[in-house]
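What follows is a single structure, written as structure tokens, with notes after it.
The values are calculated or read from the model by the stated rules, or taken from the named source; none is laboratory data. This one's a predicted model, so the numbers in the text were calculated from it and none came from an experiment. For neighbour counting, all protein chains shown are included, and Cβ atoms are generated from backbone atoms with ideal geometry for every residue, glycine included. What goes into the accessible areas is simple: the full protein's heavy atoms, side chains included, and nothing from ligands, DNA or RNA. Shrake-Rupley method; radii C 1.70, N 1.55, O 1.52, S 1.80 Å.
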Amino acid sequence: MAACVENCRSQNSTTPYSLESNNQCQLSNSLSKLVKLCIPTLPISTRIKSVSWVDEKISPTYNFLPQVRNEEQKEEEEELWIQIQEEAMSDVQQEPILHEYYTSSILSHNSLESSLSHLLAMKLSNSSLSKITLLETFYSVFIKDDGIRRAVRNDLKAVRERDPACTSYVHCLLNFKGFQASQAHRVAHKFWCQGRTAMATLIQSRVSEVFGVDIHPGAKIGSGLVIDHANGVVIGETAVVGENVTILHNVTLGGTGKVSGDRHPKIGDGVFIGAGSKVLGSVRIGEGAKIGAGSVVLKDLPPNTTAVGNPARLIGPN
């Protein structure tokens, strides 16, 4: 399977990869269309025109994420993308009827950034907001910001590792709207920090309408995020979410309605927030804390503690 994917990706090949020559790549005659997947494609940069309005001089907004893209990181990125393609090929073998969907979403792309841009554009476009406009918008950010690119992969790995319902990376990429909403937010946050508030709030609005997840573009979100099920999640403008946080459905990180300015929660690394919980006001949730389902948190929580109830009360260390 890996050999087939690698041949499909090769830019030096001059002839299509023959499905007949590899038993692992044999599909039924009805899947003859898949042969075109193995025809070498031009780099994405030649197929999607550059977007001149992205200012390369503006520093990345994800200052808390690594910005140095060394050779080891490039190799890790490539390995993950190859694995996603292998999983996609396996799914197509099991469900041939899905071959066109997998082709357009995964197998016709030469990078995770290209595939993710296509998926988000397909889902968030409408009659007055074209798919190609969104595709170029998302791709121009993903390809230029190392911090966002790293966060996308950390999110994928986090969902795969921490969500028992996730069976593969490709499953998460194609079907988990919490993951998709998070990546759209990263782009919206980039625009927000550049002062491009109209574009940022447009993306926020479309994400809210399509995925049922409302994250203000001003919110700062770390990597390794899992938003499980995602329905009804609301995160306010001045909220800060640390690294490797898990948020279940119907969670609100909101304000109390009594103050302006810095008015939303600060969530530490490794925090778990149960379904239906509300964390309100500029409170701090310590690293590794857990909040039980349906809790209402109005005060700071120490690190590595568990809180439940309305109002939330500590029931001991984790």
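Observations
- Close amide H partners of R263, meaning residues 5 or more places away or on another chain with modelled amide H under 5 Å apart, are T238.
- Total charge dipole magnitude, the stretch 266-318, about the Cα centre, Cβ charges on Lys, Arg, Asp, Glu only, Debye to nearest 20: 160
- S208 contributes an accessible area of around 40 Å² to the protein surface, as traced by a 1.4 Å probe with all chains present.
- Using a Förster distance of 22 Å, the FRET efficiency for A293-E209 (Cβ separation, nearest 0.05): 0.25
- Residues whose amide H comes within less than 5 Å of that of V241, counting only those at least five positions distant or on another chain, are K220, I221, G222, I267 (H built at 1.01 Å from N in the peptide plane).
- Ordering V170, V259, V308 by accessible surface, largest first, gives V259, V308, V170; the 1.4 Å probe counts only protein heavy atoms, with every chain in place.
- A 1.4 Å probe over all protein chains sorts L253, L298 by accessible area into L298, L253, starting with the largest.
- Shape class for the stretch 117-190, computed from the alpha carbon gyration tensor (a ≥ b ≥ c): oblate, with a/c not under 1.5 and a/b at or below b/c.
- Rg/Rg_globular for the stretch 103-156, with Rg_globular taken as 2.2 N^0.38 Å and Rg from C-alpha atoms: 1.12
- Estimated at 0.36 nm per residue, the fully extended path between T201 and E95 surpasses their Cα-Cα distance by 34.4 nm.
- Distance in nm between pseudo-label sites at I315 and E75 (7 Å out along the Cβ direction from Cα): 4.6
- Radius of gyration and Dmax over the Cα atoms of the stretch 145-291, both given in Å: 14.1, 44
- Within the stretch 202-223, backbone nitrogen closer than 12 Å to the virtual label 7 Å beyond the Cα of E237 toward Cβ: 216-219
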